[in-house]
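I have placed the structure first, in the form of structure tokens, so that the comments after it can refer back to it.
The values are calculated or read from the model by the stated rules, or taken from the named source; none is laboratory data. Only a predicted model underlies this, so the values are computations on that prediction, with no experimental measurement involved. No Cβ is skipped: glycine too gets one built from the backbone with ideal geometry, and neighbour counts run over all protein chains shown. For accessibility, only protein heavy atoms count, side chains too; no ligands or nucleic acids. Shrake-Rupley method; radii C 1.70, N 1.55, O 1.52, S 1.80 Å.
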Amino acid sequence: MINYLWAFMIIIGIVYGAFTGKMGDISTTTISSAKEAVTLCITMLGVMSLWMGLMEVARGIGLMDQLTRKLRPLLKVLFPDIPKEHIVNEYIASNMIANILGLGWAATPVGLKAMKELATLNKNSKIASCDMCTFLIINISSLQLIPVNIIAYRSQYGAANPSDILGVSILVTLCSTLVGVAFSIIARKLSKKS
Amino acid sequence: MKFVVYLSDYIIPLLFFYIIGMGILMKRPVYDDFIKGAKEGFQVVLGIMPTLIGLMVAIGILRASGVLLLISNSLEGITSIFQFPSEIVPLVIIKMFSSSAATSLLLDLFKEFGPDSYIGRLSSIIMSCTETIFYTMAVYYMTAGVKKTRYTLAGALVATIAGVIISTLFMGFMKL
């Protein structure tokens, strides 16, 4: 998918640029964009290392385990078909906590483990279970509370106060997740009826 | 609503205070832990660097050739009805497919309009309340061996569109 998307962007750009006589601009941009990507990564190195470092300290004080435990009662409501003491509860909870804290790279492996367990519970059917749908919809509704990367980009491009969008962004993230949850619950009820 | 803006300033310092303070109280080697995590963060950024270079060049070409302008100009008629800046539409669409491509586009908007402009802020918020739909679904369902995804896509789209609408409403509401 990304291979086509990338090639498509470049080819369309160059063809269109040939007609509009923007070849000079394209040449300059190609070089300067590559340079800019590196400059951005230098800012990112600082911010991401800082955040990941803080999260490691948080793991040390047991914050992750604590939050995972707090999430358990909520999981019963969201995933009524999962047996209470099943290991998948653990996986789903840690996936969600990692996502909330902005540790996407840590969220994916455990999320995939959760999917495998859900597949076993679903008797390896080719049709998704309601629990799988709920899990993915909540994941895609974006759980990340503090968008560290966005804050880093904003600071790189000279925002006066890069984190001043934080309040609104947390509110909106919560709202969109609530919409995802509501959709999942309603869709589950409707699919059980038919 | 001033409160929300005010809150933004407090979240990060309080988080540091709480986590590091608790670490000291629990006699954790906080600095060693921090360094260990920071090293991982370093690796993560180095890992995405080649992707970012490739995609920022592609977006740069699109911008320089005038294709992006063409797209947002042709969308203007529809988006102006909803009072939504047409420049952000490509961002919302690309975000559904690829997070790094969307990032490159976001940076392009920052460059063009500045991160503190209306477009800059709105796109920051939209980027932080949405996720890549198709990529996530492909990876997760492939792992589970699922072919029929039922209402997952519908739900994901509803959540994403809700995020975009709520962001726009909040921005208007708070006059950020």
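Ligands, DNA and RNA left out, the 1.4 Å accessible surface of the range A:100-194 is 67% carbon and sulfur atoms. Projecting the Cα positions of B:Leu109, B:Thr132, B:Leu69 onto the charge dipole of the range B:64-176 (unit charges on Cβ atoms of Lys, Arg, Asp and Glu, taken about the Cα centre) puts B:Thr132 furthest along the positive direction. Averaged per residue, the protein assembly as shown has 47 square angstrom of accessible surface, using a 1.4 angstrom probe with ligands and nucleic acids left out.
Within the straight-line cut-off of under 25 Å between alpha carbons, the lysines reachable from A:Lys116 are A:Lys70, A:Lys76, A:Lys84, A:Lys126, A:Lys189, A:Lys192, B:Lys147, B:Lys148, sequence neighbours fewer than 8 places apart in one chain being disregarded. The portion of the accessible surface of chain B made up by carbon and sulfur, rounded to a whole percent, is 72 (1.4 Å probe; DNA, RNA and ligands excluded). Placing unit charges on C-beta atoms (Lys and Arg positive, Asp and Glu negative, everything else neutral), compute the dipole magnitude of the range B:60-176 about its Cα centre in debye, rounded to 20. Around 400 debye, computed over the range B:60-176.
Where does helix A:130-140 land angle-wise versus the long Cα axis of chain A, in degrees 0 to 90, nearest 10? Relative to chain A, helix A:130-140 is tipped by roughly 30 degrees. Here is what passes the span test in chain B: the DSSP H helices with alpha carbon length of 27 Å or more along the helix axis and a Kyte-Doolittle mean of 0.0 or above are B:2-25, B:30-65, B:152-174. Taking the C-alpha atoms only, the angle from helix A:2-20 to the longest principal axis of chain A is near 30 degrees.
Net length available on complete extension from A:Gln66 to A:Lys193 is 42.0 nm, with 0.36 nm assigned per residue and the Cα-Cα distance removed. Comparing the full protein assembly with the isolated chain, the residues of the range A:92-129 losing at least 10 square angstrom of accessible surface (1.4 Å probe) are A:Trp105, A:Thr108, A:Leu112, A:Met115, A:Lys116, A:Ala119, A:Ser125, A:Lys126, A:Ile127, A:Ala128. Helix A:87-100 and the longest principal axis of the Cα set of chain A meet at an angle near 30°.
The contact between chain A and chain B removes approximately 8200 Å² from the accessible area (both sides summed; 1.4 Å probe; ligands, DNA and RNA excluded).
The separation of the range A:32-57 from the range A:79-146, counted between C-alpha centres, amounts to 28 Å.
Summarising the label geometry, the points placed 7 Å from Cα in the beta-carbon direction at A:Ala182 and B:Met142 lie 3.4 nm from one another.
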